[in-house]
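The values are calculated or read from the model by the stated rules, or taken from the named source; none is laboratory data. Just so it is clear, the structure is predicted and the values come from calculations on it, not from any experiment. In this analysis, Cβ positions are derived from the backbone assuming ideal geometry, glycine residues included, and neighbour counts consider all displayed protein chains. Each accessible area value is taken on the protein alone, full model and side chains, heavy atoms only, with ligands, DNA and RNA left out. Shrake-Rupley method; radii C 1.70, N 1.55, O 1.52, S 1.80 Å.
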Protein chains: 2
Amino acid sequence: MNKNITMRDIALKMGVSSVTVSKALNDKDGVSDELKEKIKLAAWEMGYRINSVAKSMREGLTYNVGVIIPERFTDTTQTFYLRLYQEIAVALQQHNYYGILHILSRQDEAQLNLPRIYHEQKVDGFIMLGQVSKEYIEIIEQIEQPKMFLDFYDEHSDIDAIITDNFYGAYELTNSLIRQGHRDIAYVGNLYSTSSIQDRFLGYYKSLLEHRLELKPQWIVSDRDEQGTFLELELPDPMPSAFVCNCDQVAHLLLQKLQAKGYSVPADCSVVGFDNDIYATLSEPHLTTVEVDIHQMAFTAVQSMIKKIRSPETRFGRVLVQGKIIYRNSVQSLL
Amino acid sequence: MNKNITMRDIALKMGVSSVTVSKALNDKDGVSDELKEKIKLAAWEMGYRINSVAKSMREGLTYNVGVIIPERFTDTTQTFYLRLYQEIAVALQQHNYYGILHILSRQDEAQLNLPRIYHEQKVDGFIMLGQVSKEYIEIIEQIEQPKMFLDFYDEHSDIDAIITDNFYGAYELTNSLIRQGHRDIAYVGNLYSTSSIQDRFLGYYKSLLEHRLELKPQWIVSDRDEQGTFLELELPDPMPSAFVCNCDQVAHLLLQKLQAKGYSVPADCSVVGFDNDIYATLSEPHLTTVEVDIHQMAFTAVQSMIKKIRSPETRFGRVLVQGKIIYRNSVQSLL
DNA sequence: CTGAAAGCGCTTACAG
DNA sequence: CTGAAAGCGCTTACAG
């Protein structure tokens, strides 16, 4: 059987010490180039694979990053975080790091239990992907290792956060509606549910303010309860000429509601979304929306995390990743 | 600073040896119950966290399982494998194991490079999630650690595989169409692309055979090239009364094609899919389909993998996980 | 019931 | 340019 080859085995075979083997394989100084090449060749021939556990033990680094996603955000219809996780995994790979995904169960979240990867020192840092409760944030703050929030932030916490630029995304999107003649514009989303829904709302509101348009209370349509469970949408009366939805999935639901009630989109009513996820192109008409740059978010997060692991004092604060408006066919020009 | 607490620190504080601390914290024999409790309390008070790297080094186990997904299967529209990965991560968690996701780039797949988690001995076993080329399978066979295929198998390889019961799923689904009076039934899928498309086809064919229905060549409609890239679907002429699609995504595409050409589904033509993924309920009408039991597949895979890690000689062969037909509105009874 | 010793496979700091 | 020694933090096997 191919018993695992160690540096010692190579050293024995080559008649050198394992120190020399280590130096040669790691391209460190102190070994002649000639010997280095010989050792590398022997290692390759013997099928040597480095034991990362021994390396980790010695260096005090696991080369793993924990990514925590609350179970609440992982049902069948929500794939955004999984795709973000995938990009994170790829980005980590490129830095010789590895991701360990931890799905935070509802129970552990409620009972404020940290994941086992924390208790077992399995990782060098934590990326919290998806908003958790204030109480859970306080628990995370006590972790003395590098940590960051991804796709949300907490105003009271100074933990680094990478977020999509929700505010300007919604602001620009609303501006574009106004440029096309819309004046009665509603917002769909529960303002008390997550910071991103809130920030998108504020971007929408800023656009209204700048154009001196009134924000009518009945034009804020709730879409979910504070736990994130979707509610039946209630159409405002009178109807606006356009809806800014906090996400594509809700825009998709709204579209179905509107069509069921006999409204034609965009002829009778325009709808825009946010995220450019699968719902944007599955909706009929396809949605004008803001594309979150998942790739960029993942890469920024990983890069920052690795910097923090290397120098734990590094602080980034709140990093905004710009989105991009994708124009499709769910908006009617009123001009 | 909270310098990491080790067993040694606890031992020093309690005036015992670190052996005793280890035994106490692991609930091993050889320490009085009284002392055990005292040590556990002290560990808790001191904020002790076990160093899993040291444990791993000592035991020769990483407690990680590598899950390899070819990049080809991870574009925006395909979330099946990511959801399966998520279930795997949860199942592993329950066994005190962790998953490391490796996205196998097209390049590494073509160049037959094994992932770095192999070369660094980062994991105790490998789950290959999604079909790879014959050549790559041969490379995987050379891995001397536990390994298994998930959601595909290779006839020439005796590597354990967990697959959904594609054959009987498609067989039952086709039977149900025939029971509803359909006689002219087409199949949509490239028979040379993956084993699951092939097996679903054969289940469909078995149903035809049993009912003495002819399999007309023009009723096999290709949906993708052998690399998996979707092709424009070509409707057969004459048209069948029903289509059995190899997956929901293709059923969704077919639906759009049919509707664009003026066919009404299911009035003019019935369509069934496979997978019960997001496309099944995003299609209009919602698709009658076979639900792949993702949860069960992941749990079976993880359980088998852990058995194999504990006793490397364990063989499972090909494990079939039963699917379940979900009846919706995309089929018209002709009776 | 308790502990001293050994060892897992590396790498760093130091000596030659 | 090369190597002996030490140590990362555990756990097992053995001795008392």
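Before moving on, here are some points about what is shown:
- Taking all pairs of distinct alpha-carbon atoms in the protein assembly as shown, Kirkwood radius in angstrom: 27.9 Å
- Evaluated on segment B:7-50, the Kirkwood hydrodynamic radius is 9.9 Å, with distances taken between all distinct Cα atoms.
- Cα-based reach from A:Lys206 at 28 Å (exclusive), listing lysines while leaving out same-chain residues under 8 positions away: A:Lys134, A:Lys216, A:Lys257, A:Lys324
- Given +1 at the Cβ of Lys and Arg, -1 at the Cβ of Asp and Glu and no other charges, the dipole of segment A:131-195 around its Cα centre is 480 debye to the nearest 20.
- Simple label model, 7 Å out from Cα along Cβ direction - B:Ser105 to A:Gln94, nm: 0.9 nm
- Between B:Glu313 and B:Glu59, residue separation times 0.36 nm minus the direct Cα-Cα distance comes to 89.5 nm.
- Ordering of B:147-160, A:201-214, B:78-91 by packing [mean C-beta count within 10 Å, highest first]: B:78-91, B:147-160, A:201-214
- Cα-centre dipole for chain A with unit charges at Cβ (Lys and Arg positive, Asp and Glu negative), debye to 20: 1200 debye
- For segment A:224-317, the equivalent ellipsoid built from the Cα gyration tensor has semi-axes of 37, 15, 11 Å, listed from largest to smallest.
- Compactness of segment A:112-202 - radius of gyration and Dmax, Cα, Å: 17.2, 58
- Distances between equivalent label points of A:Ala260 across the copies, with each point positioned 7 Å along Cα→Cβ, amount to 2.9 nm, shortest listed first.
- Alpha-carbon radius of gyration plus Dmax, which is the widest Cα pair, for chain B in Å: 25.7, 88
- Label-point separation, A:Gln142 to A:Met46 (7 Å along Cα→Cβ), nm: 4.7 nm
- Other-copy label distances relative to A:Ile143, 7 angstrom Cα-Cβ extension, nm: 2.7
- Contact with the other protein chains removes 30 Å² or more of accessible area, compared with the isolated chain and a 1.4 Å probe, from these residues of segment A:127-165: A:Glu144.
- Residue-averaged [θ]222 nm for chain A, counting only DSSP H segments that reach four residues, each worth -39500 (n - 2.57): -12000 deg cm²/dmol
- For the protein assembly as shown, share of DSSP beta bridges that run antiparallel, in % to the nearest 5: 10 percent
- Peptides ranked, highest mean first, by Cβ atoms within 10 Å: ranges A:251-258, A:324-331: A:251-258, A:324-331
- For B:Leu191, inter-copy label distances in nm, listed shortest first [label point 7 Å out on the Cα-Cβ vector]: 6.2
- Portion, in percent, of the accessible area of the protein assembly as shown that falls on carbon or sulfur, probe 1.4 Å: 48 percent
- Those residues of segment B:68-90 for which accessible area with every protein chain present is at least 30 Å² below the isolated value (1.4 Å probe): B:Thr76, B:Thr79, B:Leu82, B:Arg83, B:Tyr85, B:Gln86
- Remark: the protein assembly as shown carries 46 Å² of accessible area per residue (probe radius 1.4 Å; ligands, DNA and RNA excluded).
- Taking label points 7 Å from Cα along the Cα-to-Cβ direction, A:Ser333 and A:Glu37 give a separation of 6.8 nm.
- Summed buried accessible area for A+B [probe radius 1.4 Å, Å², rounded to 100]: 4500 Å²
- Other protein chain C-beta atoms within 10 Å of residue C-beta, averaged over A:107-116: 1.
- Farthest positive-ward along chain A dipole, Cα basis, beta-carbon charges - from A:Ile326, A:Val244, A:Ile5: A:Ile5
- Candidate residues A:Leu191, B:Leu177: accessible-area rank, largest first, probe 1.4 Å: A:Leu191, B:Leu177
- Between the amide H of B:Ile325 and those of B:Glu291, distances stay under 5 Å, these residues lying 5 or more places away or on another chain, with hydrogens modeled in the peptide plane.
- When the Cα positions of A:Gly317, A:Ser270, A:Met297 are compared along the charge dipole of segment A:258-335, A:Gly317 comes out farthest toward the positive end, with charges on each C-beta of Lys, Arg, Asp and Glu.
- Segment B:Asp184-B:Asp29, extension gain: residue separation times 0.36 nm, minus the distance between their alpha carbons: 48.8 nm
- Among A:Gly66, A:Gly228, A:Gly169, residue whose mean-square fluctuation peaks in a GNM of chain A (springs only between Cα atoms under 10 Å): A:Gly228
- Cα principal axis extents for segment A:166-292, largest first, Å: 33, 33, 28
- Average partner coverage of A:59-65, which counts Cβ from other chains inside 10 Å: 3
- A Förster distance of 45 Å, applied to the separation of the beta-carbon atoms of A:Asn113 and B:Glu226, puts the FRET efficiency at 0.40.
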